Amino acid sequence: ARRRPVMSNHTSTHVLNFALRQVLGEADQRGSLVAPDRLRFDFSAKGAMTTAQIKQTETICNEIIGKNEQVFAKEAALAQAKAIQGLRAVFDETYPDPVRVLSIGISVEDMLADPSSPAGTVT
């Protein structure tokens, strides 16, 4: 009963990260807390967000969630994963090899097959 809400909140950190980058251009994840009943997303940006930017970020998140697209996950060699255009990782984080790659709406296999495709920038 605990795993499903944790999974949903973990996926939500990816959605929020994507939306913040769409709105702010640059937003670097610095950490997160994922619990069954909440999430916290720490990030750095050039300045404080305006009310309009917060609303735009929320709209993007809600649109992505509303699409209810499939979440794909696959282990891949670290070098292959790093080659995917648009791949995001937490700054200064050390990743295992192989690494687990997540994608919303586009299969990881498709991104690994064509890492220079812009698909990684829209998921």
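Couple of notes before you dig in:
- Look at the alpha carbon pairs under 8 Å that are at least 6 residues apart: their mean separation over the length of the chain gives a relative contact order of 22 percent.
- Contour excess over end-to-end distance, with Cα ends at Y95 and T59 and 0.36 nm allotted per residue: 9.9 nm
- Area of I84 that stays accessible when all protein chains are in place (1.4 Å probe, Å², to 10): 10 Å²
- Using a simple spin-label model with pseudo-atoms 7 Å out from Cα toward Cβ, S8 and N68 lie 1.3 nm apart.
- Where the stretch 1-117 is the region considered: accessible area per residue in Å², 1.4 Å probe: 66 Å²
- Separation of the L87 and E75 label points, Cα + 7 Å toward Cβ, nm: 1.6 nm
- For S117, the residues whose amide H sits under 5 Å from its own are Q85, ignoring neighbours fewer than 5 places away on the same chain, with H placed 1.01 Å from N.
- Over the chain, dividing the summed -39,500 (n - 2.57) contributions of all DSSP H runs of at least 4 residues by the number of residues returns a 222 nm mean residue ellipticity of -13000 deg cm²/dmol.
- One decimal place: the segment A52-D114 gains 18.7 nm when fully extended, by the rule 0.36 nm per residue minus the C-alpha distance.
- Degrees, to the nearest 10: 3-24 long Cα axis against longest axis of the chain: 80 degrees
- With every protein chain in place, the stretch 41-123: carbon and sulfur % of accessible area (1.4 Å): 52 percent
- Solvent accessible area, Å² - D97, 1.4 Å probe, full protein context: 110 Å²
- Sequence of E26, E69 from largest to smallest accessible area, 1.4 Å probe: E26, E69
The values are calculated or read from the model by the stated rules, or taken from the named source; none is laboratory data. What you are looking at is a predicted structure, and each value in this text was computed from that prediction instead of being measured. A quick note on method: Cβ atoms are made from the backbone with ideal geometry, for glycine too, and the neighbour counts reach across all protein chains shown. Ligands, DNA and RNA are excluded from the accessible area calculation, which covers all protein heavy atoms including side chains. Shrake-Rupley method; radii C 1.70, N 1.55, O 1.52, S 1.80 Å.
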